[in-house]
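First comes the structure, then the notes that go with it.
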């Protein structure tokens with residue numbers, strides 16, 4: 001539970017930072033996150049222990065790497081919020097007038113808890129929709145790559161058939177991997193040379 005709460009806070013801090021730097025977060029979303037933080041509370045010592053749920057280190061790399069990493073974070077948030085929604089108690093069906101009368105006699109603190117939970121569900125669903133929209137409109141290519149990478153984890157390495165086919169495909173794979181790396185190095189070299197020429201002209 002503490003990990004879930006830390007993730008919620010991490011999302012709100014991350015989105016708040018985005019709002020400050022680029023105003024990408026709608027006010028409704030900011031308000032919703034603040035309300036969710038009131039429901040998902042943890043001790044201050046856990047909240048501010050200096051350990052981020054998601055490392056900021058990969059965000060110092062090149063734009064393509066950062067986009068890919070951010071796509072992975074959005075995917076993780078989508079799973080997380082889906083899990084949080086499943087953890088909430090199932091909403092009760094509307095009561096008849098007779099049930100309302102009998103339940104009012106035996107009302108306990110659990111009813112106030114369930115009312116609070118009922119308010120949390122639409123807020124989580126709203127945040128989930130916002131994340132899904134961002135993924136759909138800005139991170140489609142990154143999602144394709146991530147799903148491809150996830151598929152690589154399921155390669156049956158103990159299968160003789162897979163081993164034989166993989167060896168057969170390796171020349172092409174090795175050539176492609178070497179060529180990609182070489183092209184990147186050449187591109188960097190050309191950029192450096194262009195910068196040097198500009199400095200010499202100045």
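Computed from the coordinates by the stated procedures, all read-outs in this text should not be read as laboratory data. Everything numeric here is computed off the predicted structure, so don't read it as measured data. Note that we place each Cβ from the backbone using ideal geometry, even for glycine, and neighbour counts take in every protein chain shown.
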Q: Return the FRET efficiency for the residue pair residue 85, residue 186: r is the Cβ-Cβ distance, R0 is 41 Å, and the value is rounded to the nearest 0.05.
A: 0.25
Q | Inter-label distance, nm, simple model (7 Å from Cα along the C-beta direction), residue 136/residue 66 | A | 2.7 nm
**Q.** FRET efficiency, 1/(1 + (r/R0)^6) with R0 45 Å, evaluated for residue 197 and residue 52 via beta carbons
**A.** 0.60
Q) Label residue 149 and residue 129 with points 7 Å out from Cα along Cα→Cβ: what is the distance between them in nm? A) 3.0 nm
(Q) Could you tell me the ratio Rg/Rh of segment 156-202? Both radii from Cα atoms, Rh via Kirkwood. (A) 1.44
